[in-house]
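Rule-based calculations on the coordinates, nothing more; no lab input. Source: prediction; values computed, not measured. Don't worry about glycine lacking a Cβ; one is built from the backbone with ideal geometry, like all the others, and counts go over all protein chains shown.
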Ligand code: IDP
Ligand code: MG
């Protein structure tokens, strides 16, 4: 059976804006079951370990930001001192640590048919400005990479969701002990 579990984090902006109930209810209404849930104030070390540090992940994050800069006509070397994708990825990761530790977060495990893919669909693409209406990022945020770049921060996009079943397994284990995830 393609029943899966996936990890979702309501990021500090979701909590600060009072959107916790609203966002959880979207997942529930779609038919997903909450099988673990907690509120935490993450430490920088935890976030540092939670997001991958592989060169592949850093490069892909860096390339996304370099593309946004290019579209804006911003010179990455003048703005952040480098145009090397992996280096840029490291800078993004540092900002991500700052963002994810700026306030409490809500971490949960959702279970259901094809949960990983379905949660990503409900959440929408990384940047809220290009997330379609009906998605969580599209309905509750107007942030974009150019505004974020101007303000020297990552995109505030309300939700984290695992992007593959194997990542989901690693991410669930990261935040929850086995007995904390209910059947
Ligand atoms: P995802 O959250 O849609 O899976 P990832 O590539 O895993 O996106 O990136 C993790 C987080 O880092 C994003 O949710 C966003 O907050 C931030 N981020 C990623 N790429 C960029 C970018 O190019 N500009 C600004 N922030 C970014
Ligand atoms: Mg991701």
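Taking 16 Å as the cut-off, the amide N atoms of the stretch 24-41 that come nearer than this to a point 7 Å along the Cα-to-beta-carbon line of residue 3 belong to 31-36. Relative to the first principal axis of the alpha-carbon coordinates of the chain, what is the inclination of helix 85-100, with its axis defined by its Cα atoms, in degrees from 0 to 90 and to the nearest 10? Relative to the chain, helix 85-100 is tipped by roughly 50 degrees. Gain on full extension, evaluated as 0.36 nm per residue between residue 113 and residue 55 minus their Cα-Cα distance, stands at 17.7 nm.
For the stretch 95-183, the square roots of the Cα gyration tensor eigenvalues, ordered a ≥ b ≥ c, give a/c of at least 1.5 with a/b no greater than b/c, which places it in the oblate category. Angle of helix 165-175 to the longest C-alpha principal axis of the chain, folded into 0 to 90 degrees and rounded to 10: 80°. Sorting 22-28, 113-119 by average packing, meaning the other beta carbons within 10 Å per residue, from highest down gives 113-119, 22-28.
The stretch 28-79 and the stretch 98-176 have their alpha-carbon centroids 8 Å apart.
Each Cα pair under 8 Å and six or more residues apart adds its separation to the average, and for the chain the resulting relative contact order is 37 percent.
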